[in-house]
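Read the structure below first, then the notes.
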Amino acid sequence: MRLTSREQEIVNILKKNPLISQEELADVFGITRSSVAVHISNLMKKGIIRGKGYVFNEGPLITIVGECYLDINIYQKDYTNSHVETIDIKYKGVPLEICKVFGNYGIRPKVITFLANDQVGEHFLKQMQELELDTQNILKLNDSRSIRRVHINDTLTYAEDISDSDYYEAIKTKERLLLNSDCLITDYKFATEIVEEILSKKPDIFPELCTYIIDKNLPDIPDYISKFKVVVLGVNNTLKSERAINTFLDFNLDADQVFAITDGKSEIIAINDNKTHRFPLLPNQTFSVEEKIPSFLAGLICGILNKHPLRQAIRIAVGSI
């Protein structure tokens, strides 16, 4: 978290004397009480302290930007004399899936997402509250219902989404949080706009960006991805991922960056410090890249935040699925 020199001075005093009054702080710095109140308010907005009594959040400020949606999957099977349908309904979304993993490590990130004022939105909000997440930055959908996706036999056939322009305008309203985050995890669909928004402000320190990409056709990976700290690419077959490996190597990744490629079936390929490492998956470690990549990403981030070696961070990622 980036603090001004005065904010850091106030933090240092509050840690030594958490019961000090704002009037006393004003006397220490030779400023008005209202100025102290503004600094305290900014420290709360930045996630450094929580409310009166000045309880400190010692960990890094982590923010997640992503969608929450109702996923409806209809499975149809035709038999000789009958037609059978099975309906599978799940509450899904990057924020929840990542936060469930983070909760096991005591990490409570801030969440930027859209929730409607309906039963589905209330369910998501309740889940987030149970995970003790900071929900102050949730954006309300007042004129539409919650996002829905309908699949038939795992093929997307219908979607109710928020327009990209509405999302991007909403994200801009959270500019301060984005810029002040130590670690910023974003749904890939928002990655371009978030990077452009941050670059346009020319911050002294760039947030550590993290995302995942699921594309079995191995897309052309854009150059701006080189600015990310952690990226996980889900593919159909790692044996056909040489182009992605070469692209990541061309980025000249440093020792702090980890880019991983996996099909969830055979192995995990990790590029770090411009070197390639391969970690085979055991039969009991396989997973669906469509379903579990966010959880894998969350575990990998936890391993990296805790300064574990790459091999151990990969183990934590696999164990988080």
Item to check | Extension reserve of the residue 278-residue 77 stretch, reckoned as 0.36 nm per residue once the Cα distance is removed | outcome: 68.4 nm
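Tally the DSSP beta bridges in region 209-319 and give the antiparallel ones as a percent, rounded to 5.
Numbers: 11 of 21 bridges.
Restricted to region 209-319, the bridges split so that about 50 percent are antiparallel.
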Checklist entry - Which distance in Å, rounded to a whole number, links the C-alpha centroids of region 166-222 and region 139-155? => result 22
Checklist entry - Along the positive direction of the dipole of the chain (beta-carbon charges: Lys, Arg +1; Asp, Glu -1; about the Cα centre), which of 167, 104, 199 reaches farthest? => result 104
Checklist entry - What pairs from 100/265; 92/140; 45/92; 16/229 go past 25 Å between their alpha carbons? => result 45/92; 16/229
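Compute the Cα gyration tensor for region 59-203, then decide on rounded, prolate or oblate, letting a ≥ b ≥ c be the square roots of its eigenvalues: rounded whenever a/c is under 1.5, prolate when a/b is larger than b/c in the other cases, and oblate in all that remain.
On the way: a/c = 2.27, a/b = 1.83, b/c = 1.24.
Since a/c reaches 1.5 and a/b is larger than b/c, the shape of region 59-203 is classed as prolate.
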Checklist entry - Share of antiparallel DSSP beta bridges in region 59-203, in percent to the nearest 5? => result 50
Checklist outcome for this item: With a ≥ b ≥ c from the Cα gyration tensor eigenvalues, square-rooted, and the rule rounded for a/c under 1.5, otherwise prolate when a/b > b/c and oblate otherwise, region 127-168 is oblate
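Please get the size of the charge dipole for region 142-245, origin at its Cα centre, with Cβ charges of +1 on Lys and Arg and -1 on Asp and Glu, quoted in debye to the nearest 20. All intermediate terms of the calculation are to be shown ahead of the outcome.
Details: 14 positive and 19 negative charges, 48 e Å.
Rounded to the nearest 20 debye, it is 240 debye.
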Checklist entry - For the peptides 162-170, 98-106, 59-67, what is the packing order when you average, over each peptide's residues, the other Cβ atoms within 10 Å and list the highest mean first? => result 59-67, 98-106, 162-170
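Please arrange 230, 11 by counting, for each residue, the other beta carbons lying within 10 Å of its beta carbon, fewest first. All intermediate terms of the calculation are to be shown ahead of the outcome.
Values: 230 24, 11 18.
Ordered by Cβ neighbours within 10 Å, fewest first: 11, 230.
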Next on the checklist: For the chain, take the longest principal axis of its alpha carbons; what is the angle in degrees between that and the long axis of helix 310-319, to the nearest 10 within 0 to 90?
Outcome noted: 70
Checklist entry - Where a Cα-Cα gap under 13 Å defines reach, which aspartates and glutamates qualify for residue 240, not counting those fewer than 8 residues away within the same chain? => result 215, 263, 267
Checklist entry - Lys/Arg Cβ at +1, Asp/Glu Cβ at -1, dipole of the chain taken about the Cα centre: which of 87, 268, 289 is farthest positive-ward? => result 268
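Label region 175-321 by shape, choosing from rounded, prolate and oblate, from the square roots a ≥ b ≥ c of the eigenvalues of the Cα gyration tensor; if a/c is under 1.5 it is rounded, and otherwise prolate applies when a/b is larger than b/c, oblate when it is not.
In terms of gyration-tensor shape, prolate.
Which value, in debye to the nearest 20, gives the size of the charge dipole of the chain about its Cα centre, when Lys and Arg are +1 and Asp and Glu are -1 at the Cβ?
Values: 38 positive and 44 negative charges, 186 e Å.
Dipole about the Cα centre, nearest 20: 900 debye.
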Item to check | On Cα atoms only, tilt of 119-130 relative to the major axis of the chain in degrees | outcome: 60
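Throughout, read-outs are computed from the coordinates displayed, never taken from laboratory work. Since we're looking at a predicted model, the values are computed, not measured. Methodologically, a virtual Cβ is constructed for each residue, glycine included, from the backbone with ideal geometry; neighbour enumeration extends over all protein chains shown.
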